[in-house]
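Quick notes on the structure that follows.
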């Protein structure tokens with residue numbers, strides 16, 4: 001239908017000329033008192049001839065349009081379909097299009113190489129920085145002093161930022177390292193909780209955890225990453241009270257008694273780089289933690305959402321119903 005419309009648009013002048021020519025001939029014949037039957041007969045023959053001519057022209061136009069479409073689609077895939085232009089103007093246009101596509105492919109290749117080099121560099125950097133972090137943790141563990149505990153707390157935050165950077169690099173790669181298998185949600189939650197146990201003690205926050213025997217098909221490392229990011233935010237913005245982890249209708253629920261999220265910020269907290277009022281007040285927020293959570297959940301075919309009341313805390317829900325295998 002689109003090809004027909006384009007054809008009629010391009011041939012509109014010729015169609016008008018044909019109609020005008022027939023009208024002119026008809027006027028001349030009428031002025032010379034031509035028979036009505038002859039006029040109608042000639043008109044029918046003229047109409048059949050014009051219809052045949054435009055039908056042939058349309059068939060050629062449609063075939064050429066299809067070949068032109070295949071040619072353009074082939075260029076997008078980096079293939080040459082051997083398209084033959086039917087005019088000098090179209091040939092010049094094809095040459096220009098092919099030149100632009102060559103420049104685009106060269107630019108894409110250069111950009112991909114630069115991005116790959118950057119990812120390789122930062123990946124190496126992240127792995128190398130983990131060695132001195134581990135060494136400093138061992139040095140601080142030798143003497144249990146107040147200063148060392150404070151330094152260990154700050155070092156833990158550095159380690160969290162390093163893990164976030166590594167997660168950001170990996171999730172932006174063309175390939176991922178997903179290992180999908182059956183895992184216990186309780187064991188994965190406990191992994192994250194054990195990692196943050198020192199911060200719970202330091203900040204004197206209560207942890208209320210109700211385990212459930214639920215197994216899901218997922219990637220363990222990335223699932224734990226999501227829980228860690230939510231716990232990290234919960235601990236950061238909770239000054240007193242505690243954090244609770246439980247299950248509700250096939251959803252993993254992580255709640256805190258922190259400062260909550262402003263109503264205007266709540267719809268945007270999973271956007272890349274969005275820090276909201278709390279993040280701007282903190283001055284150190286990156287706006288990447290919850291963004292990465294959403295990206296990872298999308299990758300794992302999970303859904304994540306949040307509810308919050310400003311000044312009373314927040315609740316994060318991870319829907320496990322799509323991935324749940326068994327609950328005893």
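The values are calculated or read from the model by the stated rules, or taken from the named source; none is laboratory data. Bear in mind that the values here come from a model prediction, so they are computed numbers and not experimental data. Every residue, glycine among them, receives a Cβ derived from its backbone with ideal geometry; neighbour counts consider all protein chains shown.
Just a few scattered comments:
- Taking each residue of the stretch 36-51 that is not assigned by TED's automatic domain parsing to the domain that holds residue 21 and looking for partners that are modelled with pLDDT of 70 or more with beta-carbon atoms closer than 8 Å, six or more apart or interchain, yields nothing.
- Of the residues making up the stretch 216-275, those that are in contact with a helix residue (DSSP H, G or I) (Cβ under 8 Å, 6 or more places away or on another chain), assigned to a helix (DSSP H, G or I) and farther than 26 Å from residue 180 by Cα number 4.
- If the condition is being in a loop (DSSP other than H, G, I, E, B) and either in the same structural domain as residue 126 (by TED's automatic domain parsing) or out of contact with any helix residue (DSSP H, G or I) (no Cβ under 9 Å at 6 or more places or on another chain) (or both), then the stretch 197-211 contributes 204, 210.
- Output for the stretch 131-149, where each listed residue is within 18 Å of residue 232 (Cβ to Cβ) and at pLDDT 80 or above: 133
- The set of residues from the stretch 310-328 being part of a strand (DSSP E or B) and either closer than 15 Å to residue 243 by Cα or modelled with pLDDT of 90 or more (or both) comprises 313, 314, 315, 316, 317, 318, 319.
- Qualifying residue in the stretch 99-111 (condition: surrounded by 14 or more Cβ atoms within 10 Å (Cβ to Cβ) and on the phi < 0 side of the Ramachandran plot): yes
To keep it simple, each residue is scored yes or no on (1) assigned to a helix (DSSP H, G or I); (2) touching a helix residue (DSSP H, G or I) at 6+ places or on another chain (Cβ under 7 Å); (3) closer than 17 Å to residue 230 by Cβ.
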{"residue": "154", "(1), (2), (3)": "yes, no, no"}
{"residue": "158", "(1), (2), (3)": "yes, yes, no"}
{"residue": "166", "(1), (2), (3)": "yes, yes, no"}
{"residue": "195", "(1), (2), (3)": "yes, yes, yes"}
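- Condition check for residue 186: part of a helix (DSSP H, G or I), without any contact (Cβ under 8 Å) to a residue 40 or more places away in the chain and surrounded by fewer than 12 Cβ atoms within 10 Å (Cβ to Cβ): no
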